[in-house]
Amino acid sequence: MQGGIFTYALLAALATGLLIAAFTDLRRREIDNWLTTAIALGAPLFWLSSGLSFEAMGIQVVIALATFAVLFVLFALNLMGGGDVKLLTALSLWIAPLWFARLIIVMALVGGLLTLVFGAIHLARRKPGKVAVPYGIAISAAGLWVLVSQHLIPLKSGGFFG
């Protein structure tokens, strides 16, 4: 990393934002727009501080646009919440393509576990209607996993997803 302490400060801010998103989604089933906006706006600072090339910056934007397009369809089908769409799109600006693919896999696994837990709670309380799963928790957990794996304890080739 070229930016040193500033880059790590940005990563710490992202981690804090992901924790806030998970907490508010659990508590209110809502992820605030100011938070996803701050995450998205922090990405270009991260790109510059970490020495990303203009080509790589363009790739990040393309990945974010593709992420938004796919997730917008899921939102339109009422399969995903708007806050989740915005959070994952904003997060995609920070994560390199290969790591973003890994993030999607981890997010799906955590999301599946969350669905089982919240489904069991829903059944135990005998609540009618659809189970509300705060998927921002899965997005945030996967994002935090990537931050730790990619920036704090880089995985060696051949390791878990390495």
Review point. Considering only residues of the range 81-99 that are farther than 14 Å from A142 by Cβ and in contact with a Lys or Arg (Cβ under 9 Å, 6 or more places away or on another chain), which is surrounded by the fewest Cβ atoms within 10 Å (Cβ to Cβ)?
Key: G81
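Looking at the range 120-144, which of its residues are among the small types (G, A, S), in a helix (DSSP H, G or I) and closer than 22 Å to L87 by Cβ?
Filtering the range 120-144 down to residues among the small types (G, A, S) leaves 120, 124, 129, 132, 136, 138, 140-143.
Now drop any that are not in a helix (DSSP H, G or I), which leaves 120, 124, 136, 138, 140-143.
G136, A138, S140, A141, A142, G143, listed by residue number.
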Practice item. Identify the residue in the range 26-36 that is more than 13 Å from the chain's Cα centre (by Cα), in contact (Cβ under 8 Å) with a residue 12 or more places away in the chain and part of a helix (DSSP H, G or I) and, among all such residues, is nearest to F118 (Cα to Cα). Key: L26
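Go over the candidates L41, L18 one by one and state the one that is aliphatic (A, V, I, L, M), touching a helix residue (DSSP H, G or I) at 6+ places or on another chain (Cβ under 8 Å) and either within 18 Å of A141 (Cβ to Cβ) or part of a helix (DSSP H, G or I) (or both). Lay out the reasoning, then the answer.
On the way: L41 fails: touching a helix residue (DSSP H, G or I) at 6+ places or on another chain (Cβ under 8 Å).
None of the other options fit; the residue is L18.
Return the residues of the range 47-70 that are in contact with a Gly (Cβ under 9 Å, 6 or more places away or on another chain) and assigned to a helix (DSSP H, G or I); say none if nothing qualifies.
L48, S49 - these are the residues of the range 47-70 that are in contact with a Gly (Cβ under 9 Å, 6 or more places away or on another chain) and assigned to a helix (DSSP H, G or I).
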Check your understanding: Can you find a residue in the range 43-51 that is under 25 Å from I153 (Cβ atoms), surrounded by fewer than 14 Cβ atoms within 10 Å (Cβ to Cβ) and in contact (Cβ under 8 Å) with a residue 24 or more places away in the chain?
Key -> yes
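None of the figures in this text is laboratory data; all of them are computed from the coordinates on show. What you see is a predicted model; the values in this text were computed from it and never measured. Backbone-built Cβ (ideal geometry, glycine too); neighbour counts: all protein chains shown.
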